[in-house]
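J.: I'd like to ask you about the structure that follows.
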Amino acid sequence: MKSFDYNRAASSADAAAHAKAGATIIAGGTNLLDLMKLEVMSPDSLVDINRLDLKEISTTDDGGLRIGALVTNSDLAAHETVRRDYEVLSRALLAGASGQLRNKATTGGNLLQRTRCGYFYDPAMPCNKREPGSGCQAMEGFNRILAILGTSEHCIATHPSDMAVAMMALDAEVEIETADGSTRTVALDDLYVLPGDTPHIETILQPGDLITAVILPRSKPATHLYRKVRDRSSYAFALVSVAAVVSVEGGKIASAKLAFGGLAPKPWRNRAVEDALIGQEPSMSLFDKAADILLADAQGHGANDFKIPLARRTLKAVLRSATETAQ
Amino acid sequence: MTLKTTLTVNDQEHDLDADPRTSLLDALRHHLGLTGSKKGCDHGQCGACTIIINGRRINSCLTLACMHDGDKITTIEGIGTPEALSAMQDAFVRNDGFQCGYCTSGQICSATAMLDEVKDGWPSNVTEALEGDLELTDAEISERMSGNLCRCSAYPGIVKAIREASKEDQR
């Protein structure tokens, strides 16, 4: 690991000032320190935000939930309100990582974790994300775990989070404090940017921006499901995952919020898929039509071709379970 | 550059003056001489370095010592001694919960804190209903312990030991 300066932030303004001056923010550190050991990331300076007062989960004025950026994945998964009203989020968190990692990993850090693409993780390999312009070996290499949607000719990395997939289906917003002290809120969908020809840029965050909370809108009655398909049944990243928040009224799908993990450089949501379902009677042919829309632009790179039919089957299975339960 | 940190390990305070790069695991092993916590992968994948901080189990290889000033740290040395084994340690001995023993201190720290998570009502990925009572089935134990690998594959003994210790815990 390269050497670095270490500072402990006294306040969020202090953290932002350090970050604006070039420091990398460290919270749980479970991904950042791993990357620093491999020298995939080599910050000159770290600012530790763990002592900041961002560990609260509270109800918002309109009945939603405000989750402080330093709430651990464990505490969030076990929180009474999350288990009762945002089940898909508890389920996604519990499907991710291990007990030890969930105790350390934070809400903000989970959103900003980096891809687990083997080429990104290996400094001996070219990687457009790690070293812009150096090329991408994954395109024709070991790409079994990599993306089929939202990719570019420069990068096919996936976003590895389960938590963010559930939050995407829950219409989450991200609260960001900027270095000038102001606060802005963006939809989680808008936090991430697709790789295009700048795969090293993953979010809209600017130096000095600090995620302070994730805000979930008030929960409405619906069936919540999170289904994760992976190579072993615990402690593995998703090959495909589907988060579904679905309700059925009078035999027809009244609402359907669907987000996907393991398929794209960001937690993936496609409103056209949902629009095709709403107002319709649940049926396997309808679910096939939804999968057609989801996968219309899907592109495999050889070893990950299997994700296209796997995503179809997983979506159909989830929709069948969700609509059967909801009726 | 070095940093001064006070680590409270097994109820004893230690003053550490170390490079900020020092992982908590390296601080425990190399600076404080507490070699019970083991370094397996050094990347948070194997669980051999599991310790308990403020009552919760974590991978000590994936955190910096300087981040834990004032935290209450428990290592395997603080869980029991050869003369006075904890119930979990005793159950591991009686149920062949290890073969080579390298992963064992991590397994025992992890299992000890895991039982507290169960007592707090935390669900797991295999828990049927997110609300309501929890039953610590073998499937629950395996899921909750998936962050601890055993290359000797002593898993049947590990699960049996934890099951037994969890019952003693309830008495």
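J.: Give the residues of region A:270-288 whose amide nitrogen is closer than 18 Å to a point set 7 Å from the Cα of A:Lys252 in the direction of its Cβ.
T.: Inside the label zone: A:273-287.
J.: Taking θ as phi - 60°, what are the ³J(HN,Hα) couplings along region A:262-279 by the Karplus curve (6.51, -1.76, 1.60), each to the nearest whole Hz, with x for Gly and Pro?
T.: For region A:262-279, the Karplus curve yields x, 9, 8, x, 9, x, 9, 9, 10, 4, 5, 4, 5, 4, 5, 8, 5, x Hz.
J.: Separate question: What ranking, highest mean first, results for peptides B:139-146, A:299-306, A:19-26 when packing means the other Cβ atoms within 10 Å averaged over each residue? Please list the in-between numbers first.
T.: Details: B:139-146: 20.6, A:299-306: 16.0, A:19-26: 18.9.
Per-residue Cβ counts within 10 Å, averaged per peptide and sorted highest first, yield B:139-146, A:19-26, A:299-306.
J.: Give A:Lys307/B:Lys160; A:Lys104/B:Lys39; A:Lys104/A:Lys307; A:Lys2/B:Lys39; A:Lys37/B:Lys119 a once-over and call out the pairs whose C-alpha atoms are over 26 Å from each other.
T.: With Cα atoms farther than 26 Å apart: A:Lys307/B:Lys160; A:Lys104/A:Lys307; A:Lys37/B:Lys119.
J.: What FRET efficiency comes out for the pair A:Arg320/B:Asp19, r = Cβ-Cβ distance, R0 = 45 Å, nearest 0.05? Each step should come with its number before you reach the end.
T.: Numbers: r = 55 Å, r/R0 = 1.23.
Efficiency for this residue pair is about 0.20.
J.: Hey, got the average number of other protein chain Cβ atoms within 10 angstrom for residues in B:57-70?
T.: 5
J.: Quick check for you: which residues of region B:48-63 have the amide N under 20 Å from the point 7 Å beyond the Cα of B:Asp11 toward its beta carbon?
T.: B:51-57
J.: Sort B:70-77, A:259-266 by packing, meaning the average of other beta carbons within 10 Å per residue, with the highest value first.
T.: A:259-266, B:70-77
J.: Modelled label-to-label distance, A:Glu80 and B:Arg94, 7 Å Cα→beta-carbon offset: nm?
T.: So the two model labels end up 3.7 nm from each other.
J.: Still on this structure, I have one more. Choose one answer from A:Asp231, A:Asp53, A:Asp189: the residue with the largest mean-square fluctuation in a GNM of chain A with alpha-carbon springs under 10 Å.
T.: A:Asp231
Read the figures in this text as sums done on the coordinates, not as results from a lab. Given the structure is predicted, the values throughout are model-derived calculations rather than measurements. For neighbour counting, all protein chains shown are included, and Cβ atoms are generated from backbone atoms with ideal geometry for every residue, glycine included.
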